[in-house]
Every structure is written in C-alpha cells, then in structure tokens.
Amino acid sequence: MKALLILLLASCAAVSAATKVVCLGDSITKRGYPEELATLLKLEVINSGMAGHNSGQGLRRMEKDVLAHQPDFVVIFFGTNDLRVDSERAHVPVAKYTENLARIIAESRETGAKVLLCTPPPIAAETYFTRHEKADYEEHGGLPALLASYRQAAMKLAKDEEIPLVDLNQLLLDKPNWLSRDGVHPSPEGNTIIARLVAKELRPLLPAEHQAPSKD
C-alpha cells in the first residue's frame, strides 16, 4: 500500500512538473498551429486562440486562458485584427497594441513564465480586399504600411524586453503555401510551417530533453 502511494505521488509530481506552453492569439492561433507545436516538441501545448480577437481582448482573458494553466512558456501572437482600421470593434492603434503586448508579457513573467513574441504575418491584399474596404486602409497609408508599423512595434518590444521574436511577417513571405484561400488564415500546411518556426525559437529555451530537434 505504501509503495503504491509513493508511486502515485511520484506520478502526480511528474505531471505537475511537465513543461507546459500556452499559445495566446486570434483565429490564426485557433486554426491549429499549437497542436502541431505539441507534436514537434513532444510536450503539452494549450491553444488559447480566439477568433476575431485583438491584443486588448487577449489581455482581458489572461487570467482564464493563460495564467490559470500555470504555463512555463507563453507564445503571444496578435496583430492581424488590431490593424483592422475598417472595424471600430477590432482596431487597436499601434501604440495601444504595444501597451497591450507589454502588459501580457509582464503578467506572464510575474508567474515565472518565459515569453516568445510573434509579429503579425503577411496578408494577401488582393483576396483581403474582396471582404474589406480598401479605401479605409488607404486613409491610413495602405495595408503594407499598416502591417509594417505593427511588425516594427512587436520587434521593438521584443528587443526592449529581451525576449525571443518570431518574425512571421518576413519568414512566411517565401512560403506562400502557408496561406489558405482567404488570404489571412493558415492552411493545414501553414499550421505546420508556423509551428516549425515557433519551435525553432522555443526549443533552445526548453529543458534538455526537448532541445534535440525532431524530424520536422
């Protein structure tokens, strides 16, 4: 009986000590790259993506969708909805976007979690503007300029906070197969591509047993 109790306690300790990653983001995250990341790194990855969400909405659900899981690592991936100047509900000005990301980083770190930040990915403008009013974006300098400003904000914040950055905005440019037909969201192949790019930056931060590259 005593031996069984010791075995159960050891098992519980092993579970509680398992490395855990939370991926916080919008519908691009929700689409499934966290599940691919779990396979690549062979650890627990929680998908906390929510369709339509911007950085402010992500910040407001930190307690429930991130901190409650007691993660060791948090991957932050917002921007595609924040830059939507055609939607008052979705749009977050770049200065506020930076502030929201900084608070998400700070709250994650307060629990001892390490953080990795992603830039917003490319958008296929021709397809995008079949659903969005191009004139709204032209009033703000155009879609490329808007994407560049949110990318630069994420890059500067990562540098200031000394955290790893996955510059998806640039890394996906030569990987057109990452996109689905809607020009915004990842294809099934895109989920794997994003997971590989995130894994490349995340793996060196992980415990030794996860650092050897898998066959990806």
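The values are calculated or read from the model by the stated rules, or taken from the named source; none is laboratory data. Computed from a prediction, not measured in an experiment: that's the story for all the values here. Cβ atoms come from the backbone with ideal geometry, glycine included; neighbour counts cover every protein chain shown. The area values use the complete protein model at the heavy-atom level, side chains included, leaving out ligands, DNA and RNA. Shrake-Rupley method; radii C 1.70, N 1.55, O 1.52, S 1.80 Å.
Key figures
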read-out	value
Bridge type composition, the chain - antiparallel percent by DSSP, nearest 5	5
Dipole magnitude of the chain, debye to nearest 20 (Cβ charges: Lys/Arg +1, Asp/Glu -1, about Cα centre)	580
Cα-Cα over 23 Å, subset of LYS96/LYS156; LYS42/LYS156; LYS30/LYS159; LYS42/LYS159; LYS114/LYS159	LYS42/LYS156; LYS30/LYS159; LYS42/LYS159
Per DSSP, loop trypsin sites (Lys or Arg not before Pro) in segment 56-95 with at most 10 further Cβ within 10 Å	ARG89
Whichever lysines have a C-alpha closer than 18 Å to that of LYS175, once near sequence neighbours (fewer than 8 apart) are set aside	LYS200
Structure-derived Kirkwood radius over Cα pairs in Å: which label, when the choices are (1) 18.8; (2) 17.5; (3) 18.0	(3)
Proximal charge balance of GLU201 [Cβ under 12 Å; K/R count +1, D/E count -1]	+3
Along the chain, longest interval not containing exposed GluC sites (Glu not before Pro), exposed being DSSP loop plus at most 13 other Cβ atoms within 10 Å	1-87
Karplus-derived HN-Hα couplings along segment 120-137 (A = 6.51, B = -1.76, C = 1.60, θ = phi - 60°), whole Hz, x at Gly and Pro	x, x, x, 10, 7, 4, 4, 6, 4, 7, 7, 10, 10, 7, 4, 4, 4, 7
Candidates per trypsin sites (Lys or Arg not before Pro) in segment 113-197, loop by DSSP, up to 14 other Cβ within 10 Å	ARG131, ARG181
Heavy-atom accessible area per residue - segment 42-154, 1.4 Å, Å²	45
Under-5 Å amide H pairs with GLY49, H placed in peptide plane, nonlocal only	GLY25, LYS30
